[in-house]
Amino acid sequence: MPAFQYNSTVKDGVTIVAIAGSLDVVSAKQLDAKLSADIAKGARRVVINLSKVDYIASAGLGIIVGANAALKKQGGEVRLSALPDKIAKIFELLSFSKLFKIHKTDTEALASLSGK
């Protein structure tokens, strides 16, 4: 499995997080630490790009759901972008598509957050 990678940038007040590799039990802890650090630095509107994620375990899903819940309490939210088909199917099967606004691209997700 490819190594987990996390990269975050800020554009127009929105934190864009690009994740690559596998989100398993071990990398979910890394995701939690890095995403929590971005939130602690003031991120309130977050787009998570999953285009390069090849596997996601329940631990990884839990971190993303938890981050969204924490941000909603602070008036923010997580939006998802560029889900590969197999990851999108998981979100659909678990009805997570009802918890998140899912966009085809980062640009689309950013546009949807403008004015918030």
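Details
- Ordering of 20-27, 98-105 by packing [mean C-beta count within 10 Å, highest first]: 20-27, 98-105
- Remark: C-alpha extents of the chain on the principal axes read 38, 26, 22 Å, sorted largest to smallest.
- Pairs of lysines in region 5-113 (C-alpha under 15 Å apart; 8 or more residues apart or interchain): 9
- Charged side chains reduced to their Cβ positions (Lys and Arg at +1, Asp and Glu at -1) give region 5-113 a dipole of some 260 debye around its Cα centre.
- Near K52: Cβ cut-off under 14 Å, other residues only, Lys/Arg at +1 and Asp/Glu at -1. The net charge is -2.
Just so you know, all these numbers are worked out from the coordinates, no wet-lab data involved. None of the values given here were measured: they were computed from a predicted structure. Positions of Cβ are generated from backbone atoms using ideal geometry, with glycine treated the same way; all protein chains shown enter the neighbour counts.
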